Structure formats: structure tokens, C-alpha cells
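Novice: Pasting in a structure now, in C-alpha cells, and then I'll have a few things to ask.
What follows draws every value from the coordinates through simple rules; no lab data is involved. These numbers come from a predicted model, not from an experiment. No Cβ is skipped: glycine too gets one built from the backbone with ideal geometry, and neighbour counts run over all protein chains shown.
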Amino acid sequence: MNIEGELYEVDAKKLEILDELEAYPTLYDRKEIEIKLSSDGSIRHAYIYLLRSWRADLLATSSVMLTTYSSLGPHGRVYVDKYLRAKEMVEDVESGLYHEILGPDHPFLMELNLKKKEEELEMKSRA
């Protein structure tokens with residue numbers, strides 16, 4: 001299999017930042033793989049992020065598979081700043097990113113919903 005992409009060298013701090021950006025280990029797993037560079041045939045080790053779980057129909061409802069990615073591409077999925085994305089993932093558990101990927105019956109999503117409802121009840125009791 002050939003995958004077109006970019007390879008970056010990162011230190012431990014940058015890896016922590018990438019983990020946060022990719023919602024690892026909540027939404028994605030990080031896996032080390034061996035890759036062969038097309039430029040010179042050398043072998044390198046790289047991390048990839050893989051979804052931990054997803055709804056059964058996720059691939060059927062997603063856009064077409066891409067050979068390259070640009071946030072301005074025809075798929076209409078522009079880049080969303082990680083802080084806004086993280087806020088949506090946690091606050092909008094009924095229709096946000098977690099809901100879209102995992103589906104409403106996933107245990108993690110159900111736990112988030114329960115926590116959100118408990119927080120709302122606590123806020124109402126304080127008012």
C-alpha cells in the first residue's frame with residue numbers, strides 16, 4: 001500500500017501536543033509503523049493515529065477516500081482549530097465529533113452524556 005504524506009521529526013514535547021490534538025488515547029490510538037520513503041527507499045519509523053472505535057456506517061456516510069489532504073479540498077471539511085474542536089467534542093456530545101464517529105450508544109459517549117447531565121443538575125441546584 002502506498003500512502004502519500006509528510007514525515008516530521010518531533011521531540012517528546014511535540015509528541016504530547018500531537019497526542020492532545022488527535023485526542024489520544026480517547027478517540028485515537030497511536031501506533032508505531034515502519035515506512036519506506038519513496039524519495040530514497042530508506043526505512044523509517046513513524047507514528048500514525050488510528051480511530052479506536054467508530055459507528056458501523058461511518059465509512060458509508062463519509063466523503064470519498066482521499067489520496068492527499070488539503071483543508072481547502074472538495075470534501076468541504078475545512079480545518080477547525082484544535083481548541084474549538086476539543087470544546088465541541090466535549091460540550092456537544094449529542095451531535096458533535098464524538099457522536100458522529102462513535103455513534104450514540106458507545107460507552108464513552110454515554111459516560112460523557114451522563115457527566116454533562118450531572119453537571120447541569122448541579123448547576124441548577126446552585127441557582
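Novice: Report, by residue number, each residue of the stretch 25-50 that is outside any strand (DSSP E or B), closer than 18 Å to Thr68 by Cα and hydrophobic (A, V, I, L, M, F, W, C).
Specialist: We begin by selecting, within the stretch 25-50, every residue outside any strand (DSSP E or B); these are 25-27, 37-42.
Going one step further and asking which of them are closer than 18 Å to Thr68 by Cα, we end up with 37-39.
Matches in the stretch 25-50: Leu37 only.
Novice: Kindly indicate whether any position in the stretch 2-24 is polar (S, T, N, Q), part of a loop (DSSP other than H, G, I, E, B) and closer than 26 Å to Pro107 by Cβ. Spell out how you get there, then give the answer.
Specialist: Filtering the stretch 2-24 for residues polar (S, T, N, Q) gives 2.
Okay, now just the ones that are also part of a loop (DSSP other than H, G, I, E, B), so 2.
Checking which are closer than 26 Å to Pro107 by Cβ leaves us with none.
No, the stretch 2-24 contains no residue that is polar (S, T, N, Q), part of a loop (DSSP other than H, G, I, E, B) and closer than 26 Å to Pro107 by Cβ.
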